[in-house]
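Comments concern the structure below.
The values are calculated or read from the model by the stated rules, or taken from the named source; none is laboratory data. Here the structure is a predicted model, which is why all the values come from computation and not from measurement. Cβ placement follows ideal geometry from the backbone for every residue including glycine, while neighbour counts extend to all protein chains displayed. Ligands, DNA and RNA are excluded from the accessible area calculation, which covers all protein heavy atoms including side chains. Shrake-Rupley method; radii C 1.70, N 1.55, O 1.52, S 1.80 Å.
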Amino acid sequence: MPTSPAIRPGRCTWAPMIGLALVACGGSGAAPAPLGGPPVVLIVLDALSASHVGHLGNERDTTPVLDALAAEGVTCTQAFSPAPYTLAGIPSILTGRLPHRHGLVQKKVVLPELEVTLAEMLARRGYDTLAAIANFNGSSAFNVTQGFDQVIEVFTPSERFPADLSFDGHEMHLPRAAEFVDIMGDWLQSGAGVDAPAFFYLHLLEPHTPYDPPPEVRALFVDPSYAGPFAGGDVEPLIASNGGTLAIDDTDRQAARDLYDATLRYADSQLGRIFDSLRAAGLYDEAWIVVTSDHGEAFWQHGVWGHNSDLFEEMIHVPLIVKPPADRGMSGVVFDGFVSTVDVVPSLVDWLGLETGMNPPLDGIALGPSFADAGAHPERRELILRTNHSAPHMGVRRAAPGELEKSIVWRQQGRGTRAETTRVVGSDRFDLLADPEELSSVGEATPRALSLLKPWLEQSARPPEESVSLTPSQEAILRKLGYLDE
């Protein structure tokens, strides 16, 4: 798979919108906007749970840079990923489409050529499109980088990023947030954003495992006397604690949270340096900057650590911060409406006057009208959710006047891999207004949720249009990041 796929022409045919659970939007029928536009910066902090962000409720000083960015624009306090794992979450951010619609839900599937990414939309407007990626699950191996002129995959050992980690006999490079500062600096020094507008996409690994912040940042959060199984921040003991092969106590759980917060604080500090480089290049004030995450991270709120496996809030609630150009007059806005990471693309489509070329239309909604007038936000909204399994648990998070609830359908894979071997083993419904921590089910999934999920409960995923065979080295990278059961 090439790292710089050719830009494809727009497509205008239409396909049925089976199971659409969000208000759809596409390009307007107006004449296309002229070439050019302001800089666009999209940053993903991998596995960042909203509850660990300072201005979203964390009492610890984990994100001073993100907090300052939010004060310059809009922060969405109720933003959710449709999937608690990178492989499905990243293409939802980049296409504005739900996982079962874009189809990239398992590791041996690639993003279909039919899908149109934000990079392709911006390229048609004359943008230079530049990506730097730290997580293999969001890489060109799965075709999510289609439309980018330049892709730097920081995890791949090279002269610039030498191998510094060995796992299962395979060498790899462990990406660090500071390396993205240098990448952005190189892009800007080469003239990116000068002769043509630029789209910068940065997918940082932090605060995803391994939790390995620099010592001076670790000292701000972690008890120096802690010498338990999580002291190294590696993923293996954390996974072992889920499997019951490693006994842990509350001290260990707190140490894991401390290490995560320290890793986040380190990443936040590097964001500050990235923003400084944009300021030095004269691009910061005029740029659209969006910061979000592909999914959250659980710390035993429901008995497990990590992500992938559940649809509880801690695994899908993420930050979504938008810093508009300075002349937009949209600063210090705290938006409490129910939004999703699939709204990133349609919102930028609206703000920049892009043509989507979508076939079929987007699943997300443009948030600009809601930010200007909270009363314009849809009163009723439903988001289809899925976990990272061949027989995924599925859910619907629903908001309506006076209601906020989540239905989850639990499934189990029988022998074999065909859909008919999958069975539903139960369901739950949670009243998120009365029980935001989802501690007590109030009954079974609603008929409405079951109706929305029916097309997807009858299949594991749509048949892949194209597949990928992973090399032993790539599989080793996934295991090191904790993706053992994908």
Inset, instruction - Count, please, the residues in the range 158-167 that happen to be of a type outside the set (Lys, Arg) and open to solvent by 60 Å² or more (accessible area, probe 1.4 Å). - result: 4
Legend entry - Counted residues, the range 225-259 - those being among the hydrophobic types (A, V, I, L, M, F, W, C) and open to solvent by less than 30 Å² (accessible area, probe 1.4 Å): 8
Inset, instruction - Check 344, 318 and return the single one that is out of contact with any Pro (no Cβ under 7 Å at 6 or more places or on another chain) and not in a helix (DSSP H, G or I). - result: 318
Inset, instruction - Have a look at 367, 354 and point out the one that is aliphatic (A, V, I, L, M), more than 21 Å from residue 438 (Cβ to Cβ), touching a helix residue (DSSP H, G or I) at 6+ places or on another chain (Cβ under 9 Å) and at pLDDT 95 or above. - result: 367
Legend entry - Residue check for residue 440: modelled with pLDDT under 95 and either more than 25 Å from the chain's Cα centre (by Cα) or part of a loop (DSSP other than H, G, I, E, B) (or both): no
Inset, instruction - Would you check if there is a residue in the range 81-94 being in contact with a Phe, Trp or Tyr (Cβ under 7 Å, 6 or more places away or on another chain) and farther than 25 Å from residue 458 by Cα? - result: no
Inset, instruction - State whether one or more residues within the range 312-321 are under 17 Å from residue 438 (Cβ atoms) and either among the charged types (D, E, K, R) or at pLDDT below 95 (or both). - result: yes
Legend entry - Members of the range 38-63 that are in a loop (DSSP other than H, G, I, E, B), open to solvent by 20 Å² or more (accessible area, probe 1.4 Å) and of a type in the set (S, T, N, Q): 58
Legend entry - Condition broken by residue 389, with the remaining ones in (1) under 29 Å from residue 106 (Cα atoms); (2) modelled with pLDDT under 95; (3) touching a helix residue (DSSP H, G or I) at 6+ places or on another chain (Cβ under 6 Å); (4) open to solvent by 10 Å² or more (accessible area, probe 1.4 Å) satisfied: (3)
Inset, instruction - Only one of these is touching a Pro at 6+ places or on another chain (Cβ under 9 Å) and either at pLDDT 95 or above or crowded, with 20+ Cβ neighbours inside 10 Å (or both): 66, 20, 35. Name it. - result: 66
Inset, instruction - Can you give me the number of residues within the range 210-224 that are open to solvent by 30 Å² or more (accessible area, probe 1.4 Å) and under 10 Å from residue 255 (Cβ atoms)? - result: 1
Legend entry - Any pair with Cβ under 9 angstrom, 6 or more apart, that starts in the range 228-252 at a residue that is in contact (Cβ under 8 Å) with a residue 40 or more places away in the chain and among the small types (Gly, Ala, Ser) and ends at one that is surrounded by fewer than 11 Cβ atoms within 10 Å (Cβ to Cβ) and part of a loop (DSSP other than H, G, I, E, B): 241/247
Legend entry - Residue satisfying all of: in the range 271-293; open to solvent by 20 Å² or more (accessible area, probe 1.4 Å) and not charged (D, E, K, R); farthest from residue 204 (Cα to Cα) among these: 282
Inset, instruction - Go through the range 117-134 and count every residue that is part of a loop (DSSP other than H, G, I, E, B) and over 17 Å from the mean Cα position of the chain (by Cα). - result: 3
Inset, instruction - Test residue 127 against the stated conditions and say whether it is of a type in the set (Phe, Trp, Tyr) and within 23 Å of residue 288 (Cβ to Cβ). - result: yes
Legend entry - Selection within the range 148-200 - aromatic (Phe, Trp, Tyr) and within 19 Å of residue 123 (Cβ to Cβ): 148, 187, 199, 200
Inset, instruction - Consider residue 182 carefully, then state whether it is among the charged types (D, E, K, R) and either touching a helix residue (DSSP H, G or I) at 6+ places or on another chain (Cβ under 7 Å) or in contact (Cβ under 8 Å) with a residue 12 or more places away in the chain (or both). - result: no
Inset, instruction - Could you please find all residues in the range 69-99 being part of a helix (DSSP H, G or I) and surrounded by fewer than 20 Cβ atoms within 10 Å (Cβ to Cβ)? - result: 71
Legend entry - Residue list for the range 362-386, restricted to those being crowded, with 22+ Cβ neighbours inside 10 Å, in a strand (DSSP E or B) and out of contact with any Ser or Thr (no Cβ under 6 Å at 6 or more places or on another chain): 362, 384, 385, 386
